[in-house]
Amino acid sequence: MHEQVQGVSGGEKSNSHGEISADQILFETIKENLTNTKYLCINAPLQLPKCMRCRLKCPGFEKCKEPEIQWMWKQHKKNRKQKPRAKIFTPYTQRACEIYIAQETEPTVYPLEALGANLAPLTARAYFLLRRLPSKLEVIEVHPRLTVLRVGQSLRVAKSHLQHYKNSLSGEESRLVFLQTLIKHDIFIYQQDLQKLVENPHCFDAFIAALTGYLKFIKQCEPIPRDFPIEDGWIEFPKMHPDLL
């Protein structure tokens with residue numbers, strides 16, 4: 001059976017038509033492509049922060065004994081040893097996976113907070129979308145920028161291209177260089193698709209989301225740390241030097 005992955009970029013805008021919402025159009029598009037789909041990969045938070053899901057009487061997160069909050073305190077104390085002025089976490093806007101990526105992966109990657117001002121609408125949209133998808137479908141959260149960095153470093157793409165691929169001025173050139181490098185390593189992309197991926201950063205992010213799903217399928221994504229509170233969600237991202245084939 002041929003397995004496939006679908007990538008969805010949280011920033012992609014779909015235009016509504018009459019009384020049909022953009023969300024419905026997105027849902028129908030996903031539904032039409034579910035045959036033999038292994039993973040649906042979404043570039044948006046799929047889980048609300050711990051404090052927004054909790055129904056216990058709250059003692060304040062300074063005294064909270066829930067595993068997600070305890071993990072965040074442990075990580076915060078570890079971070080303070082390197083950065084004495086590091087700000088305290090906010091478990092009503094942040095998730096453990098965002099803190100982990102910010103502190104334990106690439107120094108230039110700073111995930112937005114799930115319920116921060118910039119990401120909250122996309123979190124709500126993804127949460128709404130998930131309720132309507134088949135329960136048997138495995139949906140994973142991805143972080144395109146981190147995938148681009150990890151894959152690009154492995155393929156020796158210049159750092160300037162990896163860091164600036166979303167820039168309004170130099171982004172198209174950086175996306176083209178990255179994609180051409182993938183093609184040289186036997187990743188097939190149709191010419192008409194290549195042009196669209198270069199011109200549209202949201203399409204590019206959707207492609208990178210699907211690439212992350214492929215890497216997960218061939219077991220080239222980082223494993224979840226043993227002590228990580230998985231109930232707070234996880235973001236899939238490639239190993240340091242993933243094998244693309």
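The values are calculated or read from the model by the stated rules, or taken from the named source; none is laboratory data. From a predicted model like this one, the values you see are computed outputs, not experimental measurements. Please note: Cβ atoms are built from the backbone with ideal geometry, for glycine as well, and neighbour counts cover all protein chains shown. Remember, those area values only see protein heavy atoms, side chains included, never the ligands or the DNA or RNA. Shrake-Rupley method; radii C 1.70, N 1.55, O 1.52, S 1.80 Å.
Among the residues of the range 32-46 satisfying the criterion of being in contact with a Ser or Thr (Cβ under 8 Å, 6 or more places away or on another chain) and in a strand (DSSP E or B), which is least open to solvent (accessible area, probe 1.4 Å)?
41
So, in the range 90-100, of the ones that are surrounded by 21 or more Cβ atoms within 10 Å (Cβ to Cβ) and among the hydrophobic types (A, V, I, L, M, F, W, C), which residue ends up farthest from residue 50 (Cα to Cα)?
Checked the range 90-100; the qualifying residue farthest from residue 50 (Cα to Cα) is 97.
Can you tell me which residue in the range 7-31 is modelled with the lowest pLDDT, limited to those that are open to solvent by less than 60 Å² (accessible area, probe 1.4 Å), polar (S, T, N, Q) and outside any loop (DSSP other than H, G, I, E, B)?
Filtering first and then ranking leaves 9.
Using the structure shown, decide if residue 172 is at pLDDT 95 or above and open to solvent by 40 Å² or more (accessible area, probe 1.4 Å).
yes
Are any residues in the range 47-80 part of a loop (DSSP other than H, G, I, E, B), under 16 Å from residue 141 (Cβ atoms) and open to solvent by 30 Å² or more (accessible area, probe 1.4 Å), and if so, which ones?
Result: 47, 48.
Here are some residues: 215, 197. Which one is hydrophobic (A, V, I, L, M, F, W, C), farther than 30 Å from residue 51 by Cα and without any contact (Cβ under 8 Å) to a residue 24 or more places away in the chain?
197 is the lone residue from the list that is hydrophobic (A, V, I, L, M, F, W, C), farther than 30 Å from residue 51 by Cα and without any contact (Cβ under 8 Å) to a residue 24 or more places away in the chain.
Restricting attention to the range 186-213, report how many residues are open to solvent by 80 Å² or more (accessible area, probe 1.4 Å) and either of a type outside the set (D, E, K, R) or out of contact with any Leu (no Cβ under 9 Å at 6 or more places or on another chain) (or both).
Total satisfying the criteria: 7.
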